[in-house]
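S.K.: Mind looking over this structure? Questions follow.
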Amino acid sequence: MQEGGKRAVRTVRVRNISDLATEREVREFFSFSGEIEHVDIRFDGVATGRTAYVTFKDPKALEIALLLSVWPLASILV
């Protein structure tokens, strides 16, 4: 918990994940940001791929993960 009783955001939503990307690849891609607690990949009902929710153990890792938005994951930019 942060000051004032607010919870720190630790999850990043990654849209347009390739159908070819595995959970392992998503974990490896974001492991540079920090220790990962959980990865959840879902079909989002549109033709643009899937959505992954990556939850980090440390909220500061989220800031680093956001910097990866210009790098390709399984040949598609995230």
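The values are calculated or read from the model by the stated rules, or taken from the named source; none is laboratory data. Quantities reported herein were computed from a predicted structural model and do not represent experimental measurements. Cβ placement follows ideal geometry from the backbone for every residue including glycine, while neighbour counts extend to all protein chains displayed.
S.K.: Determine whether the range 8-28 contains at least one residue that is out of contact with any His (no Cβ under 8 Å at 6 or more places or on another chain) and modelled with pLDDT under 80.
M.R.: There is at least one residue in the range 8-28 that is out of contact with any His (no Cβ under 8 Å at 6 or more places or on another chain) and modelled with pLDDT under 80.
S.K.: Just name the residue that is modelled with the lowest pLDDT out of those in the range 45-56 that are farther than 15 Å from Glu28 by Cα and not β-branched (Val, Ile, Thr).
M.R.: Ala47
S.K.: If Arg42 satisfies every condition in (1) at pLDDT 90 or above; (2) within 10 Å of the chain's Cα centre (by Cα) but one, which is the exception?
M.R.: It fails just one condition, (2).
S.K.: Considering only residues of the range 14-65 that are among the aromatic types (Phe, Trp, Tyr) and in contact with a Ser or Thr (Cβ under 7 Å, 6 or more places away or on another chain), which is surrounded by the fewest Cβ atoms within 10 Å (Cβ to Cβ)?
M.R.: My answer is Tyr53.
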